[in-house]
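Just so you know, all these numbers are worked out from the coordinates, no wet-lab data involved. Keep in mind it's a predicted model, so treat the numbers as computed, not measured. Because the Cβ atoms are built from the backbone with ideal geometry, glycine has one as well, and the counts that use them run over all protein chains shown.
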Amino acid sequence: MAVCIAVIAKENYPLYIRSTPTENELKFHYMVHTSLDVVDEKISAMGKALVDQRELYLGLLYPTEDYKVYGYVTNSKVKFVMVVDSSNTALRDNEIRSMFRKLHNSYTDVMCNPFYNPGDRIQSRWALLPVSASSPGGPYFLCPIQSRWALLLCPIQSRAFDNMVTSMMIQVC
Amino acid sequence: MDASEEPLPPVIYTMENKPIVTCAGDQNLFTSVYPTLSQQLPREPMEWRRSYGRAPKMIHLESNFVQFKEELLPKEGNKALLTFPFLHIYWTECCDTEVYKATVKDDLTKWQNVLKAHSSVDWLIVIVENDAKKKNKTNILPRTSIVDKIRNDFCNKQSDRRSLPLFSRCCSSLRMPWCSTTSWTPSSLSMWSTSGPGVSVPPGALDCWVFLSCLEVLQRIEGCCDRAQIDSNIAHTVGLWSYATEKLKSLGYLCGLVSEKGPNSEDLNRTVDLLAGLGAERPETANTAQSPYKKLKEALSSVEAFEKHYLDLSHATIEMYTSIGRIRSAKFVGKDLAEFYMRKKAPQKAEIYLQGALKNYLAEGWALPITHTRKQLAECQKHLGQIENYLQTSSLLASDHHLTEEERKHFCQEILDFASQPSDNPGHKIVLPMQSFAQLRDLHFDPSNAVVHVGGVLCIEITMYSQMPVPVHVEQIVVNVHFSIEKNNYRKTAEWLTKHKTSNGIINFPPETAPFPVSQNSLPALELYEMFERSPSDNSLNTTGIICRNVHMLLRRQESSSSLEMPSGVALEEGAHVLRCSHVTLEPGANQITFRTQAKEPGTYTLRQLCASVGSVWFVLPHIYPIVQYDVYSQEPQLHVEPLADSLLAGIPQKVKFTVTTGHYTIKNGDSLQLSNAEAMLILCQAESRAMVYSNTREQSSDAALRIQSSDKVTSISLPVAPAYHVIEFELEVLSLPSAPALGGESDMLGMAEPHRKHKDKQKTGHCMVTTDHKVSIDCPWSIYSTVIALTFSVPFRTTHALLSSGTRKYVQVCVQNLSELDFQLSDSYLVDTSDSTDLQLVPLNTQSQQPIYSKQSVFFVWELKWTEEPPPSLHCRFSVGFSPASEEQLSISLKPYTYEFKVENFFTLYNVKAEIFPPSGMEYCRTGSLCSLEVLITRLSDLLEVDKDEALTESDEHFSTKLMYEVVDNSSNWAVCGKSCGVISMPVAARATHRVHMEVMPLFAGYLPLPDVRLFKYLPHHSAHSSQLDADSWIENDSLSVDKHGDDQPDSSSLKSRGSVHSACSSEHKGLPMPRLQALPAGQVFNSSSGTQVLVIPSQDDHVLEVSVT
């Protein structure tokens, strides 16, 4: 059971970040952001060692008093960061690893969505977004031809990702 | 301690503080196992299950076993780690259910209740198996049932035991800091061993303990490593530093040390409790000047000391993080530090940390940290009195969707409050970037092509998306406009602008993506343009280069993070040209704002800046991009006249379109166009002429009647009233009167001695229509000068005539060829003799009075010439035929007929030439290769006529004779003329006078061969005054003729020469000599009665040679 799951772009901005409980969202944002220091460190250390058979799982990034922060990096330098409760001893290395793998698969599905622009935030609530040309973000989604489809398909795709994350946050793997 | 994996010599630590374990139950049993237990337990390695993916470590533990007493248990709330037991063991040897039920269960229940009362949850029940007892009592239940019973009775009730693992929690929090320090042996491990985990601890005690642990570990590390080692392992130790800083911070906050006023009495009480809880310093460090213990005690003792220690630790941590490149972590510690400074009311010190952290978050696009840090920064800036910065941050926060509505309103109100308060410096403006306040979404021009004439009204409607949570009243919205004159650019002419600059007039502005960082691929592409600067005087090239039009877009990216926060020198442009819209209330979301402007000076106007003023606060969009321009033009009034069709046809009514571009001129009532009539062009006035009046943009149109008055010389068209910059369009019908072409100029007259080359030229140009230009001078009301318009009309017909003879009967043939694309109907063809000789009659042989003539086709007309007396030497004829377009149903006017005048001369037949070929005597047919005789009979058909009177005429004894030259030519080379082929004869000028010429010719081919041509020339003596009139074409005939001049009439039968060789042999002989001349007799004067006849030639029987020529 994870308390926070984040997908971070190559350029280190969050593509997706969700935490539970939500009232402490800010804390987790800071935590995940700070953990990028260690992610960077690990990636640069790893880059020298194994280029071909790179281990995507970065292991424990750092512990805090109450949480453990784990990292994972895809080949395209997209980072996954997961925060779990320290008290949750059920989550061992292997469980975390498999959770990351599931997350990676789910993320790949998002990338396969032809209406997803790589680098865009993974939005699971696009259907609720206003889509008139003068609304914020409107022109983004109202590209010609695509507009209608973007509204129809994108939520389905990213919702699958969202559901995946939700399941990881609820279930004890 | 397993330190074998380290390169350092293993350090063996003995446990100074052993964890206390109580023993209850069967004391005798415990005493019996104690010696073994106390000896064996430390020897047996225990697995230390370490989290975070590390391999478990095997450690050795010693314990201090004491007998269980209730007094030992900690009071409620006391969580001291040391001095209290943390594990309680109940020993029993019971194997009998009866005994268990009778005594052990009761005892266990009591023990449990005591533990429960003290919230001690870490306990252990040990059942010792005794084999001897088991054997003695065979009837007892299996021992396992006791275990099961105990498990049922006690363990189930303790289901919440796992959920509150205080012990393990303590361990994990302890382990945390050095989990990253695999290489360092934690000495503090022994610390918790001695003290043991307290069940209840005062608030802050845990923090104290962690703080001390961290510092102790760090001290140990410092103690056993050299500087280089420490430096190289900062990555492992910095976590401890950070943790210690964090703990000290929370202690400081707890004890009221981080506040402006200092600690209150409650805080002081808490501090005293904590200090007391620390106990006495351990003897080994008591005498050192510095120790973690001393540090903590000192830090908690006074506000100043806390500040010093906290700052020391913070700075050390930040420095270490920075040195190993963990910038984010450093910024995060810095933010804590900023918070501390803010508490201490030192915002000037806090600002740099907040800015640093914010910059980092902005650069990486972390929205929530941005919002949070910005909020802190706003408070800091407010305290610092940085009004501009504060207002800017406030505007960013007011537009921040991560804040609650209330918070956004608060920050918005802060701006509005400031804006509304009277400024001490009235002219002072606070300039803020517009981005966070409102965004320019789109812009719409009306007229949509963004082109307006001088004096015209231009509307610009913009959509501003207000980011503020509440409606904001804006005093004015101003667009600064840059004005430039591009006079020499043809793209800026009125014609080009009104016709070619087409767009829908809507410009969309890309929404800003901030605060998301922009990845490389979404950077705008370079917009490079060539730039040419020309000298205004002679238009020569002065400079050339390449300019980047969107340089501000590209350069801004690099400083995006800083410019968003700093008041980045947004300069307010003061221009002469502004578009202004006053007193607008911007509602949250999209707002439409309309600017109206009346165009004044012609040129190009570029929208540069957009400013919105709220009191003394000005929100400025420094660059409007993409570039938005509108053009103002001025235009001179103009008149264009152009045919509606590709070309105008003469003779029939044709439509011509008049276009009056009013430009800056206003057409008043009574203004008219005065057309001075061309002679041969009529302007057809129709009863109802309408004119269309358009605006320059063609958006509006109206219809007006047109009054046309025509006098002999002037046609006056009164124009409808039209405002400036409008277009008046109307059509007029014009008719170019068919003019008679120059006499014979257009004709192909067979009867005339026309030079051949000229004839060929005519044919080449024959398919083009003859054109006539008509110039019309028009006086326009706006100018004192006349406009001259040239209209070109094409004559649709081409006419040729020919004289045909049959003996002495004469016919005139007129061929009318339609060159145009139209079909016409021809009617009423006439041929009249203009000389009006009564003797001559023209008898038409044409049967139909109406005749269609289709496009690109010809119609022939024939008349027979008849006379009774002597025919006139020449004939002047005028051909006329009525025509009208075949498609036209009814024409308003009657059209004039098409006329064609020509002259026919010397048409009367004077000589009849008859040639005959006879086979050799005795032969029935002519044979190839055998000589045949050619007889030419030239007969004079009339007595002396007027046309005979020329130099060749000689008179002797009242008998007139003239000299003629005949020539036999066979251009088809069917015949070889043997002997002389030509000769000069003296021909009596009398009717029925004949001259016979005999020649020998040889057929070269078999078959029906046409006879050779016999040509007749007039032989003029050399002293003719007309010799100079001969042109070069005649020389050939002259040359060939000159051969024969010296010869006699007798043919030289012995020679068989080709003409060409004779010619070349003799041509040089007579150069420069005065030579007689030849004049071809006009075709009408000679009638060849044998033309067209053929002679049968059979092949010779002894033909052995078959010539085959392949071409």
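Sort B:Ile327, A:Ile17 so the one with the fewest other Cβ atoms within 10 Å of its own Cβ comes first.
Details: B:Ile327 18, A:Ile17 22.
Going from sparsest to densest Cβ surroundings: B:Ile327, A:Ile17.
Using the count of nearby Cβ atoms within 10 Å as a rough guide to exposure, how do A:Met82, B:Met692 rank from fewest to most?
Numbers: A:Met82 26, B:Met692 15.
So the residues, fewest neighbours to most, are B:Met692, A:Met82.
Would you tally the net charge around B:Gly262, using a Cβ to Cβ cut-off of less than 14 Å, leaving B:Gly262 out, and scoring K and R as +1, D and E as -1? Numbers along the way, then the final one.
Values: positive: B:Lys261, B:Arg270, B:Arg343, B:Lys344, B:Lys345; negative: B:Glu260, B:Glu266, B:Asp267, B:Glu304, B:Glu307.
Summing Lys/Arg as +1 and Asp/Glu as -1 gives 0.
What does the average come to when, for each residue of peptide B:587-597, you count the partner chain Cβ atoms lying within 10 Å of its Cβ?
Values: counts 0, 0, 4, 6, 1, 1, 0, 0, 0, 0, 0.
Whole-number average of other-chain Cβ neighbours for B:587-597 is 1.
Using θ = phi - 60° and the Karplus form 6.51 cos²θ - 1.76 cosθ + 1.60, what ³J(HN,Hα) does each residue of the range B:117-123 get, whole Hz, x for Gly and Pro?
4, 9, 6, 8, 10, 9, 9
Give, as ranges by residue number, the residues of the range B:855-888 whose backbone N falls under 20 Å from the point 7 Å along Cα→Cβ of B:Ala645.
Correct set: B:855-859, B:881-888.
If you count, for every residue in A:28-39, the Cβ atoms of partner chains within 10 Å of its Cβ, what is the mean? Provide the component values of the computation, followed by the final result.
Working: counts 1, 8, 11, 1, 3, 10, 11, 2, 6, 11, 6, 1.
The per-residue average across the peptide is 6.
Lys and Arg at +1, Asp and Glu at -1: add these up for the other residues within a Cβ distance under 11 Å of B:Gln413 and post the number. Write down the numbers at each step before the final one.
On the way: positive: B:Arg408, B:Lys409; negative: B:Glu406, B:Glu407, B:Glu414, B:Asp417.
Residues near B:Gln413 contribute -2 overall.
For the range B:243-382, compute Rh as the Kirkwood radius over C-alpha pairs and then the Stokes-Einstein diffusion coefficient at 25 °C and 0.890 mPa s; write the answer in µm²/s, rounded to an integer.
Working: Rh = 16.2 Å.
Once the numbers are plugged in, D ends up at 151 µm²/s.
Where does each of B:Phe793, B:Phe960, B:Phe879 land when they are ranked from fewest to most other beta-carbon atoms within 10 angstrom? Write down the numbers at each step before the final one.
Values: B:Phe793 27, B:Phe960 17, B:Phe879 23.
So the residues, fewest neighbours to most, are B:Phe960, B:Phe879, B:Phe793.
Can you tally the net charge around B:Ile462? Count Lys and Arg as +1, Asp and Glu as -1, for every other residue whose Cβ sits under 15 Å from the Cβ of B:Ile462. Provide the component values of the computation, followed by the final result.
Working: positive: B:Arg441, B:Arg580, B:Arg596, B:Arg608; negative: B:Asp442, B:Asp446, B:Glu461, B:Glu587.
Net charge around B:Ile462: 0.
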